[in-house]
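Heads up: the structure comes next, in structure tokens.
What follows draws every value from the coordinates through simple rules; no lab data is involved. Nothing here was measured: the structure is a model prediction, and the numbers come from that model. All Cβ positions, even for glycine, are placed from backbone atoms using ideal geometry, and neighbour counts span all protein chains on display.
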Amino acid sequence: MARYDSDSSRSRQRLARRIAPLAIIVAIILFLLGLNGREPLDEARQPAETVTAKILNVINMPVRGAEKLFADIGDHFNTVEKYREADAEAARLRLIEQEYISVKSEVENLKSLFGTEIEADLYKSRIGVRAVSEQNGPFVFSALINAGTKRGVRKGQAVLTSEGMYGHVIRAGGGSARVLSVRDLNSRIPVMNLRSRERAIMQGNNSGAPMLKFVGDSDWAMNDEVVTSGDDGILPRGLRVGRVIGTGPDNLRVKLYAKDAIDWMWVQPFTPIPRPEGTQMTDAENSAAPESQP
């Protein structure tokens, strides 16, 4: 048994002696190749990387296909949802169009019936202006606009923003004009409740919510829309002003649509109802007029 083990050990030693020189030769060759700046396994590694890339590309094809499929399904559902929204919007616009056609027909009928012009084309004649807040002026809330009498701006005309009425012209020069804001303490304009047709005077209080005066026991409620009434014969009827806030006849206010910040606005020309010709009253008017108290 001992003899067998000694023979096996001697065999391994002989094999090691034979392999050792070969390993040393290979190491020397690799060392010399490294000194020349060459990677000894480049030629074998590059084909292996090419084959690996092709295999990975084939393996990833189903994954990419599944990702594209799920993306297309998501786009399909988004398109369907947008189509439904567009269809609902189109249906709503069709109803508005029908209502517009009906109202336009009624307006044309009233114009032919009464032989007068109804203020339906009011905004077609507006004058676009640039406005700046007036500093150190005679009013707390006022503005200067870059248009005057040369462009048709006159005293008393309404000035509006895209949200609603800002104020009215109180002085007009040749190339500029001064506008008093409806929120200023000195502002008083006649207004109307668009729902109940009740009238009142909106008085500025240097805030974004002017007070409603002379409402009495009339019908005013929260969120009622307030527009100009035109009862003063200076401002046109129907200009958007704001909405009612507060309760009780002594605490009703108007939350203004127009913001305090201003830039581009427009002046709304308006031709009021002219006064009767002549300055002397007729006998009938004299008899109907109340007698003056001494």
Quiz prompt | Residues whose placed amide H lies under 5 Å from that of Ser142, excluding near-sequence neighbours | solution = Glu134, Ser181
Quiz item: What's the local net charge at Pro190, with K and R +1, D and E -1, over the other residues with C-beta under 11 Å away?
Solution: +2
Practice problem: Can you pull the one-decimal nm distance between simple spin-label points at Glu99 and Lys255, each 7 Å off the Cα toward Cβ? | Solution: 2.2 nm
Quiz prompt | Value of relative contact order over segment 124-268, rounded to a whole percent, pairs C-alpha under 8 Å and six or more apart | solution = 25 percent
